[in-house]
Structures are given as C-alpha cells and as structure tokens.
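Notes for the one structure printed next.
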Amino acid sequence: MKKALWIVMAAALAVAVVAATAQTEVLSANAVGYIKKTLPAGGKLVAMSIPLDSMTNTSLVFGETSVAAEAPVNSVVYFWDPILQSWLAGAKSTKGWGAFSTREIEAGEGFFLQGDPSSASEAEVTITGEVPSDPTLSRSIPGGNALGTLSNPYPVDFTFGTSSVASNASVDSVVYFWDQDLQSWLAGAKSTKGWGAFATREVQAGEGFFLQEVGAGTTWDVLKPYTWP
C-alpha cells in the first residue's frame, strides 16, 4: 500500500512539502530520510532502487547500504548489465555479499532484491540516507532496442506519463513495470497517441522499472522536485 510522505522537519520546511505524496519519511532538518520495503515470503522479487544518498561516502555502495545490511542471509540481489543485456546476481552469505559488497549503484538505477527463498515469512528492509540536494540527476538510457533499468533518482512518487522520460521516448519504445503479486512484467508500448493505460501509472519512490528505447541512446535528466534541503 502506498504511504503518505510525512515530513518531520523544521516548520518552515514542513509547510513546503505538505501536499507531497510518497513512501518516504524525512527525519530531521538535515533531510535524512527512509523508505521501507517489504521482501515477500518465498523469495518473491521486488523491483526497487535507492533514491537516497550515502551519509558517509560520495558514492552509493550497495554493501554499505542499510538494505544490504538488513536483507536476510540467502537473499539475492540482481543488477542489470546494459551492455551484456543480462542480470548479474549475487547472494548474501553469513560473511556478506561477496563481490557485490563493493558494487556502486548509480543515480536512477533500478535493481531486483529477493528475500531468502526458503523463508515462510516476509522481511522488511529500510532504505536510509540523505535526501538528494542536486538540482538535476541523470540516468543513461542505452537505446537501440536495448533494455535499461530506471527509477526516479529522487525519493518521491511520480506519474509515468507526465515525466520527461515518457514524453521524450521514441514511438514504439516499451516500458516494463514489475507486478510484485504476479511476479511478472507488465509492458506497454508508446504509440503516436502516447502510452495508453501506462500514461497514468504511478511509480512509487524507490521503485525500479525497465525502458526499451528504440531510438538512439539518451539520458533521463530529472529536476529536483522539491525546494529542500
């Protein structure tokens, strides 16, 4: 279920965001926030991203994130290789994430996380970090019918059809959203009339998706959607 965006900040900042919605909570005037994600029982896959900056480093390293720390042993992470056009997977052992401990996550990059496949109960992980203050964040789109993972690099929900990535995509490009309940992709192509039912698709904060751009490679340049921090 989609949660409201609750801001626990200085009053001057709170007024500016009272109308916003997302599943992010900002905890202080320093704009440190968190997003909760549930890993379903039985190893179901979750398409997610980490739209919060590291509080200790200039880059976002998967093994240093709260998501990596809180994921149960035997969880599996899947990162998409846009050149090889295939998934690179790594499991968590009692010693950690192995080679994926140092894997850097780019702004606007989506990936899969799978809880322990043998678990009969769900697990919760929390994305924690600083709310990005960059005025613009960009994500590369491979183009040429290649698949690329995307997500909003800022921790807010957005309507796909009103985004620049949707409006700038070439006709016949295809977007893929992961249905967590069905554990399958829901795909929609862009026609000369637009994205059809996907035009109103709400993309949640911290949700990853795929875009298959039929034209040349490009970038999705996202403007910061808030006035803080």
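Where a number appears in this text, it was derived from the coordinates with a stated rule and is not lab data. As the structure is a prediction and not an experimental result, all values here were calculated from the model. So basically every Cβ, Gly included, is an ideal-geometry build from the backbone, and we count neighbours across all protein chains shown.
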Scanning the stretch 134-162 for residues that are of a type in the set (A, V, I, L, M) and part of a loop (DSSP other than H, G, I, E, B), the one nearest to T192 (Cα to Cα) turns out to be A146
Does the stretch 198-212 contain at least one residue that is surrounded by fewer than 18 Cβ atoms within 10 Å (Cβ to Cβ) and of a type in the set (S, T, N, Q)?
yes
S184 vs (1) free of Cβ contacts under 8 Å to residues at least 12 places away in the same chain; (2) under 25 Å from S66 (Cβ atoms); (3) of a type in the set (S, T, N, Q): all pass except (2)
Within the stretch 84-94, the residues that are surrounded by fewer than 12 Cβ atoms within 10 Å (Cβ to Cβ) and either small (G, A, S) or without any contact (Cβ under 8 Å) to a residue 12 or more places away in the chain (or both) are L84, S86, S93
Out of (1) over 27 Å from P135 (Cα atoms); (2) under 14 Å from the mean Cα position of the chain (by Cα), the one V214 does not meet is (2)
Checked against (1) farther than 23 Å from L84 by Cα; (2) in contact (Cβ under 8 Å) with a residue 12 or more places away in the chain; (3) among the small types (G, A, S), A169 satisfies every condition except (1)
How many residues of the stretch 94-114 are of a type in the set (D, E, K, R) and either in a strand (DSSP E or B) or more than 16 Å from S59 (Cβ to Cβ) (or both)? The answer is 2
Given the conditions (1) without any contact (Cβ under 8 Å) to a residue 40 or more places away in the chain; (2) touching a Phe, Trp or Tyr at 6+ places or on another chain (Cβ under 9 Å); (3) farther than 24 Å from M55 by Cβ; (4) not basic (K, R), every one holds for W97 apart from (3)
Going through the stretch 114-131 in order, the residues found to be surrounded by fewer than 20 Cβ atoms within 10 Å (Cβ to Cβ) and under 28 Å from T218 (Cα atoms) are E130
In the stretch 115-133, residues that are outside any strand (DSSP E or B), over 29 Å from S164 (Cβ atoms) and among the hydroxyl-bearing types (S, T, Y) total 3
Of Y226, Y176, the only residue that is outside any loop (DSSP other than H, G, I, E, B) and not basic (K, R) is Y176
